[in-house]
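Inspection log for the structure reproduced underneath, given as structure tokens.
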């Protein structure tokens, strides 16, 4: 399984947001309270992350993101990344990008933001 490149910075604390995915299915009844049931017992979290990267780090990130041999095939593959998922420590987690990343340039650095899902 691919790993987030060690040459790239860790995710910033500023803007880091963890949100669990709704694990229930809800059926509204014609009369009475809705029925709610659990769909899965697996933990699925969404995390909003951002990084500040130099131009060379950003080039490394883009190449790794697109590479289908050693990277994550345009964001479609799962990979390992060290993250804080709220259990008291930073641990290696299996994650993948939920959608495309975004980048904005601020003077000589790039701010890259994305939403990733944890399994």
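Read-outs throughout are calculated quantities, based only on the coordinates presented, and are distinct from any laboratory measurement. Keep in mind that what you see is a predicted model, and the values were worked out from it rather than measured. Glycine also receives a Cβ, built like all others from the backbone with ideal geometry; neighbour counts cover every protein chain displayed.
Evaluated over the Cα positions of the chain, the convex hull gives a direction-averaged projected area, one quarter of its surface, of 9.6 nm².
Peptides 108-117, 52-61, 86-95, 69-78 ordered by packing proxy, namely the average of other Cβ atoms within 10 Å per residue, highest first: 108-117, 52-61, 69-78, 86-95.
Here the extension length gained between residue 109 and residue 76 equals 9.3 nm, from 0.36 nm per residue of separation less the Cα-Cα distance.
If R₀ is 35 angstrom, what is the calculated FRET efficiency for the pair residue 3 and residue 28, using the beta carbon separation as r and rounding to 0.05? Before the final figure, lay out each step's value.
On the way: r = 44 Å, r/R0 = 1.26.
Once rounded, the FRET efficiency stands at 0.20.
If R0 equals 22 Å, the separation of the Cβ atoms of residue 94 and residue 59 corresponds to a calculated FRET efficiency of about 0.30.
Rounded to the nearest 10 degrees, what's the angle between the helix 55-66 long axis and the longest principal axis of the chain, both from Cα atoms, 0 to 90? Helix 55-66 sits roughly 50 degrees off the main axis of the chain. Restricted to Cα atoms, the stretch 1-60 shows a radius of gyration and a Dmax of 19.4, 61 angstrom.
Can you give the calculated 222 nm mean residue ellipticity of the chain, where each DSSP H run of n ≥ 4 adds -39,500 (n - 2.57) and the sum is split over every residue, rounded to the nearest 500 deg cm²/dmol? Walk me through the intermediate numbers first.
Values: 1 runs with 12 residues, N = 119.
Roughly -3000 deg cm²/dmol at 222 nm, from the helical runs in the chain.
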